[in-house]
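All remarks here apply to the structure that follows.
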Amino acid sequence: MVVQPVRLVGTLVRLEPLTLDHVPGLFRHADPEVFRWVLEFPRDESFEAFRDWLRTSAIEAPASLPFAIVRDETGEPVGSTGFLEIRERHRALEIGRTWIGKTWQGTQVNPESKYLLLRHAFETLGALRVQFKTDLNNVHSQRAIEKLGAVREGVLRNYQVRSNGLPRDTVIYSLIADEWPAAKERLEERLRLRL
């Protein structure tokens, strides 16, 4: 499994390798409430702090491939997501660091983004395992991951430290290659119903 930058195109969104060129558009959606659950998000709400955070936490992060989520119709970036913890030898990776502007939350933007990433991971890259992690307190994110067909594997206690210094328990989910065909069918049906 060799992960390289790629552009993934759906019906409503496209995923483009994240660059600093996306930062001005993404900054328009940088409402602090959107980042409530995001680790290491800067407390400084300036453009410069946002740009530096995206650069260090996503664009330059090791073993990762970040994407801008771009509305296909307008070319507007509305969030970001990506592959991280890429373990090519083991044909495994994580989908994470996902955030979407408030205007686009609860729409088909997130499900279609995840569909594009999962399809690429399993069908093009030949992944055996895709995992997701989220804060134990972020029930909304857990439900969204479960709707993808991912299986909850457990809780990693005190796994990370939040920006406020408090420990974070992290829920881990996975979807494996054998489960992908059924998950794909359900996700495609879900996307068809919402169009």
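FYI, it's all coordinate maths here, none of it is from the lab. Computed from a prediction, not measured in an experiment: that's the story for all the values here. Cβ placement follows ideal geometry from the backbone for every residue including glycine, while neighbour counts extend to all protein chains displayed.
Here are some notes:
- Val6 sits among other residues whose Cβ lies under 12 Å from its own Cβ, and their net charge, with Lys and Arg +1 and Asp and Glu -1, is +2.
- Sparse packing (at most 14 other Cβ atoms within 10 Å of the Cβ) combined with a DSSP loop state is found for the following GluC sites (Glu not before Pro) in the range 1-102: Glu40, Glu45, Glu60, Glu73.
- Just checking the listed ones, Tyr115, Tyr173, Tyr159: in the Gaussian network model of the chain with Cα springs under 10 Å, the one fluctuating most is Tyr159.
- Residues Phe132, Phe67 arranged by fewest to most Cβ contacts within 10 Å: Phe132, Phe67
- When only alpha carbons are used to place a centre, the range 119-195 and the range 23-82 end up 20 Å from one another.
- Cut-off of 10 Å, at most 11 other beta carbons, DSSP loop: longest stretch of the chain lacking such trypsin sites (Lys or Arg not before Pro): 44-195
- Residue-span extension gain [Arg186 to His120] - 0.36 nm each, minus C-alpha spacing: 22.1 nm
- Under 23 Å of direct C-alpha separation, and excluding same-chain neighbours fewer than eight residues apart, Lys102 reaches these lysines: Lys114, Lys133, Lys147.
- Normalised by the number of residues in the chain, the mean separation of alpha-carbon contacts (under 8 Å, six or more apart) gives a relative contact order of 20 percent.
- Along each principal axis, Cα extent of the range 8-194, largest first, Å: 44, 42, 31
- Charge dipole magnitude, Cβ of K and R +1, D and E -1 - the chain, Cα centre, debye nearest 20: 400
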